[in-house]
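Asks: Got a structure for you, written out below as structure tokens; questions coming shortly.
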Amino acid sequence: MLKTESPPPQGPALDQCPTPQLLTWLVDDQQQALAAVQAARPQLLAAVEAALPRLRRGGRLVYVGAGTSGRLGVLDGVELTPTFSWPRERALGLMAGGPAAMFEAQEGAEDDADAGRRELQALGLTADDVVIALAASGGTPYVLGAVAAAREAGALSLGLANNAGTPLLAQADIGILLDTGPELIAGSTRLKAGTAQKIALNTLSSALMVGLHRVHGCWMVDMRASNAKLRRRAQTLAERVGRATPEAAQAALQACDGELKPALLMLRAGLDASAARALLQRCEGHLRLALSMSGLQDDETVPLGKT
């Protein structure tokens, strides 16, 4: 029996315990999710290092999963656009059962390996694409079919599973084991198995976006200011990182249609919007490099004490 399907060691009678104790058990059990991701750091590092060159050449991120795992993958991909201005067409999500499965369970769809293969093949994969395949069990046929198609196309496949020795970990180019063990509610992998997948996805995609120069210091300088909150944040960052008055920051943002990076170059290097964009393009979007090429040093650092 898979660990994620097994009962917890003590087999607590959850339905008979007082609510305060129940909540304590449910919360405390989640700590194993973080421990599982910490143990997987070497594999996550390998995944980032293998994916970055492909994405720099224009590859796409393709998330594949079923049920909770699939929904977590879709969520991670969707959030890359507002946070990092990652092109929507370069973050694709496939779920067993199709888009409707995001809102209504399509349990039988995960058993169709041919559907996983076909749907991934329909994307016209290239060797620069990165497929992130998720399955708590490590054996979901739909996901395994997609991984087979990824490997046939020469794309990089990353497999995240919560059970050791499972097909997904063996068949993906890089297998990432998130060993969370039995769930407090036996078999309910929406609990700590899902939490571990969410942490791992956050870690993986955020590290990729930093590596693609979409973060400066600890700031989201590539975010899409698509609502009032984000417009206020852009204004604040333009003032702080651009070392500008509110009036100058606002004028630079307006000249750059709300884009932070060229606005910051305008403010720091005295460039106009066109020259700032051209310099950023030559630096492949790397703001720190663009500042350096303008003869400026930047001290936006995160004082965490360790590297």
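The values are calculated or read from the model by the stated rules, or taken from the named source; none is laboratory data. All values reported here derive from a predicted model rather than from experimental measurement. Cβ sites come from the backbone with ideal geometry, for glycine too, and all protein chains shown count toward neighbours. For the accessible areas, the whole protein counts, side chains as well, though only heavy atoms, and no ligand, DNA or RNA atoms are used. Shrake-Rupley method; radii C 1.70, N 1.55, O 1.52, S 1.80 Å.
Asks: Being closer than 25 Å to residue 55 by Cα, open to solvent by 60 Å² or more (accessible area, probe 1.4 Å), touching a Leu at 6+ places or on another chain (Cβ under 9 Å) and not acidic (Asp, Glu) narrows it down to one residue among 243, 231, 224, 288; which is it?
Replies: None of the others qualify; the one that does is 224.
Asks: Test residue 152 against the criterion of being more than 21 Å from residue 37 (Cβ to Cβ), among the acidic types (Asp, Glu) and over 18 Å from the mean Cα position of the chain (by Cα), and give yes or no.
Replies: Yes.
Asks: Based on this model, can you work out whether residue 217 counts as modelled with pLDDT under 95, surrounded by fewer than 22 Cβ atoms within 10 Å (Cβ to Cβ) and out of contact with any helix residue (DSSP H, G or I) (no Cβ under 6 Å at 6 or more places or on another chain)?
Replies: It is true that residue 217 is modelled with pLDDT under 95, surrounded by fewer than 22 Cβ atoms within 10 Å (Cβ to Cβ) and out of contact with any helix residue (DSSP H, G or I) (no Cβ under 6 Å at 6 or more places or on another chain).
Asks: Among the candidates 274, 205, single out the residue that is at pLDDT 95 or above and surrounded by fewer than 17 Cβ atoms within 10 Å (Cβ to Cβ).
Replies: Only one candidate passes the filter, namely 274.
Asks: Please count how many residues of the stretch 98-115 are within 14 Å of residue 152 (Cβ to Cβ), open to solvent by 50 Å² or more (accessible area, probe 1.4 Å) and aliphatic (A, V, I, L, M).
Replies: Selection size over the stretch 98-115: 0.
Asks: Then there is this: If the requirement is being charged (D, E, K, R), over 24 Å from the mean Cα position of the chain (by Cα) and within 23 Å of residue 295 (Cβ to Cβ), which of these qualifies: 232, 240?
Replies: After applying the criteria, what remains is 240.
Asks: With the structure loaded, tell me whether residue 87 is exposed (fewer than 14 other Cβ atoms within 10 Å of the Cβ) and touching a residue at least 60 places away in the same chain (Cβ under 8 Å) or whether it fails that test.
Replies: Answer is no for this residue.
Asks: Now, a different point. Name the pairs whose Cβ atoms lie under 8 Å apart, with the first residue in the stretch 271-300 and among the polar types (S, T, N, Q), the second surrounded by 15 or more Cβ atoms within 10 Å (Cβ to Cβ) and part of a helix (DSSP H, G or I), and 6 or more positions between them or separate chains?
Replies: Sorted first by the residue in the stretch 271-300, then by its partner, the pairs are 294/265; 294/268; 294/269; 294/279; 297/291.
Asks: Hey, does the stretch 172-186 have a residue that's in contact with an Asp or Glu (Cβ under 9 Å, 6 or more places away or on another chain) and among the hydrophobic types (A, V, I, L, M, F, W, C)?
Replies: Yes, the stretch 172-186 contains a residue that is in contact with an Asp or Glu (Cβ under 9 Å, 6 or more places away or on another chain) and among the hydrophobic types (A, V, I, L, M, F, W, C).
Asks: Moving to a separate point now. What are the residue pairs meeting all of these: first residue in the stretch 135-152, first residue touching a residue at least 40 places away in the same chain (Cβ under 8 Å), second residue among the charged types (D, E, K, R), Cβ atoms under 6 Å, and 6 or more apart or on different chains?
Replies: Qualifying pairs under 6 Å: 140/110; 142/110; 142/112.
Asks: Out of the residues in the stretch 193-202 meeting the condition of being open to solvent by 10 Å² or more (accessible area, probe 1.4 Å) and among the polar types (S, T, N, Q), tell me which one is farthest from residue 6 (Cα to Cα). Write out each step before concluding.
Replies: First, the residues of the stretch 193-202 that are open to solvent by 10 Å² or more (accessible area, probe 1.4 Å): 195, 198-199, 202.
Those left that are additionally among the polar types (S, T, N, Q): 195, 202.
Working: 195: 18, 202: 27 Å.
Here the residue is 202.
Asks: Determine whether residue 92 is in contact with a strand residue (DSSP E or B) (Cβ under 9 Å, 6 or more places away or on another chain), part of a strand (DSSP E or B), hydrophobic (A, V, I, L, M, F, W, C) and touching a residue at least 24 places away in the same chain (Cβ under 8 Å).
Replies: yes
Asks: In the stretch 43-95, what residues are more than 21 Å from residue 210 (Cβ to Cβ), among the β-branched types (Val, Ile, Thr) and in contact with an Asp or Glu (Cβ under 9 Å, 6 or more places away or on another chain)?
Replies: Hit for the stretch 43-95 is 64, nothing else.
Asks: Another question, then. Among residues belonging to the stretch 12-57 that are without any contact (Cβ under 8 Å) to a residue 40 or more places away in the chain and part of a loop (DSSP other than H, G, I, E, B), point out the one that is least open to solvent (accessible area, probe 1.4 Å).
Replies: 17
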